[in-house]
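Peer 1: Take this structure first; my questions come after.
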């Protein structure tokens, strides 16, 4: 299926059928790899950024309840912005989770700061760990992306076979493209559909929960430009928590999801749960159901790529 057909079919899914949570949930034949699983124990890792309803611990047993009957067969742990002095401890803890066959977590993405002078020895200390798949670091300003030593450190990750998760605001999507161009042999993952705000895509007649956080047309253009680079994939996630305490529908999310599928194509999109952050608006169960509804008219092959196969291949996972 080409990109245009993929977009057309995904759009038809929203137009032709209402959201049916039970029907979406019953598709046990579709395995899911959750590429963005957060866990935190606030007694062990105090987090300064969490607010209600996230200001409590979310442990593996809580995640297991959240994915019950969802056919989530594997999960990738994603770092949770612990204080810098606790990053190594978090990394060791996350990697130890992957050694336990009693949970679905099979790989980890850790926090590492490519602006640090000791970045290379820090990363080399994990070399050979088969559970480590990449890093995430949220750049604090525009200049950090293109500092010469930062570029060298990002290139090092490519040599080590590790990826970089980019969590960029909509205003900084163009900076991601510049970094990708300078590090062509490093693989990147764009987090959360480029942090698109569903409110920016509401039709004029729909009640707005607040003013949109960005211009929709600029996001369309910037995402298309970013997707032209072949060393980046896109996580379809994170959009529901951009609008808290508002009854989002599959139709509200469809313009964002469809554009990501269209510009990245069916082979470069990955499902991500972003639990428990998604609870700001909805349960993981409902997020999975809504996304299934948006793509329900896509081919079974393309749906399986989104929810399972692309992640399996990208992260080099084993059964």
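Rule-based calculations on the coordinates, nothing more; no lab input. Note that the structure is predicted; figures quoted are calculated from it, not measured. Note: ideal-geometry Cβ built from the backbone for every residue, glycine included; neighbour counts use all protein chains shown.
Peer 1: Between 0 and 90 degrees, rounded to the nearest ten: what's the tilt of helix 284-294 against the longest Cα principal axis of the chain?
Peer 2: The answer is roughly 60 degrees.
Peer 1: Enter the angle in degrees (range 0 to 90, nearest 10) between the Cα long axis of helix 173-182 and the first principal axis of the Cα atoms of the chain, meaning the one along which they spread out most.
Peer 2: Computed tilt is about 50 degrees.
Peer 1: Take peptides 121-130, 168-177 and line them up by average Cβ neighbours within 10 Å, highest first, as a rough protection proxy.
Peer 2: On the way: 121-130: 13.2, 168-177: 18.5.
The packing order, highest mean first, is 168-177, 121-130.
Peer 1: Calculate how steeply helix 148-159 sits against the longest principal axis of the alpha-carbon atoms of the chain, using the helix alpha-carbon long axis, and give the answer as 0 to 90 degrees to the nearest 10.
Peer 2: Helix 148-159 sits at roughly 80 degrees to that axis.
Peer 1: Oh, and also: Run through the DSSP bridge list for the chain and note the antiparallel percent, rounded to the nearest 5. Could you put the intermediate results ahead of the total?
Peer 2: On the way: 1 of 27 bridges.
Antiparallel: roughly 5 percent of the beta bridges in the chain.
Peer 1: Taking 30 Å as R0, compute the FRET efficiency from the Cβ-Cβ separation of residue 230 and residue 43 and round it to 0.05.
Peer 2: Working: r = 43 Å, r/R0 = 1.44.
E between residue 230 and residue 43, to the nearest 0.05, is 0.10.
Peer 1: How many angstrom lie between the Cα centre of segment 143-217 and the Cα centre of segment 58-111?
Peer 2: Value for the Cα centre distance between the two parts: 23 Å.
Peer 1: Once you place label points 7 Å from the Cα toward the Cβ at residue 147 and residue 171, how far apart are they in nm?
Peer 2: Placing both labels 7 Å beyond Cα along the Cβ direction yields 2.1 nm.
Peer 1: What order, most packed first, do the peptides 146-155, 206-215 have when packing is the mean number of other Cβ atoms within 10 Å of each residue?
Peer 2: Values: 146-155: 16.4, 206-215: 13.1.
Result, highest mean Cβ count within 10 Å first: 146-155, 206-215.
Peer 1: Also: What FRET efficiency would be calculated for the residue pair residue 117, residue 300, taking the C-beta separation as r and a Förster radius of 51 Å, to the nearest 0.05? Intermediate results must be reported in sequence, preceding the final value.
Peer 2: On the way: r = 49 Å, r/R0 = 0.97.
Computed FRET efficiency for residue 117 and residue 300 comes out at 0.55.
Peer 1: So how much slack lies between residue 64 and residue 92, counting 0.36 nm per residue of separation and subtracting their Cα-Cα distance, in nm? Spell out each step's value before the answer.
Peer 2: Values: separation 28, 0.36 × 28 = 10.08 nm, distance 2.11 nm.
Full-extension gain reported as 8.0 nm.
Peer 1: Suppose each label sits 7 Å from its Cα in the direction of the beta carbon; what would the residue 267-residue 245 distance come out to in nanometres?
Peer 2: Here the answer is 4.6 nm between the modelled labels.
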